[in-house]
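Participant: Mind having a look at this structure? Questions to follow.
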Amino acid sequence: MTRRPDCGVGHVPGAPATLPDRAGPAHRRGVARTVTTLVRVKICVLAGGVGGARFLLGARRLLGLDTESARAGSPHRIDAVVNVGDDAWMHGVRICPDLDTCMYTLGGGIDPERGWGHAGETWNCRDELAAYGVQPDWFGLGDKDLATHLVRTQMLDAGYRLTHVTEALSTRWSPGVRLLPVTDDRCETHVVVTGGTADDGTGAGDAATPGDGPDADAPGPRAIHFQEWWVKHRAQLTPSGFVQVGADAATPTPETLEAIETADLVVVAPSNPVVSVGAILAVPGIRAALRSTPAPVVGLSPVIGGAVLRGMADTCLTAIGVETSATAVARHYGARSGTGLLDGWLVAPGDAPADGSGAVDGVAIREVPLLMTDPDATADMVAAAIDLAGLEVPARTDR
Ligand code: GDP
Ligand code: CA
């Protein structure tokens, strides 16, 4: 138990409307009738790559976990349940793009321009591979990045779980957040597309190694690995759906389930609702864990003013029949009081429902600035999520 109900419980002046009541004993602890002050805060964040990583920078800032020394004396903890749907085998090494984006971003090694990969990256290995003419030639493995993949692959080959491999890699980067792959199993996103050509003979629809399968020049619908769609085709092939290959046999890790079940607050980062958060939710058992956790579940909209900030989330949403709007994404996730996942949903100013109800289908809505321009601005978003959940953390002392 991280709550101290004898300390600071009570109504905070200016505190907003609390979350709607939910039926069922399993949800009672998550119902916020009063504001509860937490002296030891445990936040669990569902995260994708760039958006998830930037959000985690804000969570870390809010809880004062930016530096090693601050962490040493801190009772607070952040667990990030990270998407592995983008993962792939390329050139014999295991790539985990979203885990690495979170790790490099929080570890201060991310390329700030691209938002992924190492700062100061070089591409000698990629160029040498191209000189050999090996496929796939459309996926650029950076030299520095390759070291991460080599360590990961060696450890996986030695029998370590991805969770423990990630923990080992994180020792170097010291992210200040526990990075947890949602599953240790392969559960890779494939994109159903029509058209395009496999002109380089890379093939498509091969779950084992994207771009290394049989030729697939056939123009009919087929499922290609997410990386092939995203990197090779630059998301230009219109998707008609997404499939998680491996989901049938995948299970969440015990660490992930524990993180969700023991959190004071679960936050759905403003990550891509389809290929980041959706891929996390596709792992059997994750939805049930989110529905049964005593913690409130609050999400942040990646859609602001009817547009996504970067990436192709709008294309992904359209493919699954969801409008690109903050309220439509809230409906897509649904309310825990119904059959969905959310208690609260933060939207950008102007994006709340026009009827003034402050709710969408049972999900409490609050308007706050949602641009993650820097960790301080993002920390305010995390504070708003905590506030909407009816929780309170001790005041920040770092600014
Ligand atoms: P990816 O795995 O690298 O694609 O990253 P994520 O899935 O974690 O995040 C991508 C999403 O982040 C996109 O849908 C963007 O709309 C969203 N995003 C990026 N920057 C911001 C921001 O400043 N504010 C909000 N609210 N969303 C953002
Ligand atoms: Ca991603």
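Participant: Around GLY358, under 11 Å between beta carbons, what's the net of Lys plus Arg minus Asp minus Glu among the other residues?
Facilitator: Computed value for this residue: -1.
Participant: Related question: Starting with the highest mean, order 246-252, 161-167 by the number of other Cβ atoms within 10 Å, averaged over the residues of each peptide.
Facilitator: Descending mean neighbour count gives 161-167, 246-252.
Participant: Can you work out ³J(HN,Hα) from phi for every residue in the range 44-50, in order, using Karplus 6.51 cos²θ - 1.76 cosθ + 1.60 and θ = phi - 60°, giving whole Hz and x for Gly and Pro?
Facilitator: 10, 10, 8, 9, x, x, 4
Participant: Could you sort the peptides 130-142, 330-342 by per-residue average Cβ neighbour count (10 Å cutoff), highest mean leading?
Facilitator: So the order, starting with the most tightly packed, is 330-342, 130-142.
Participant: Using the Karplus curve 6.51 cos²θ - 1.76 cosθ + 1.60 with θ = phi - 60°, what ³J(HN,Hα) values do you get for each residue of the range 382-387, in whole Hz, with x for Gly and Pro?
Facilitator: Each residue's phi maps through the Karplus curve to give 5, 4, 5, 5, 4, 5 Hz.
Here, each number is a calculation from the coordinates, and none is a lab measurement. Keep in mind the model is a prediction, meaning the values are calculated, not measured. In this analysis, Cβ positions are derived from the backbone assuming ideal geometry, glycine residues included, and neighbour counts consider all displayed protein chains.
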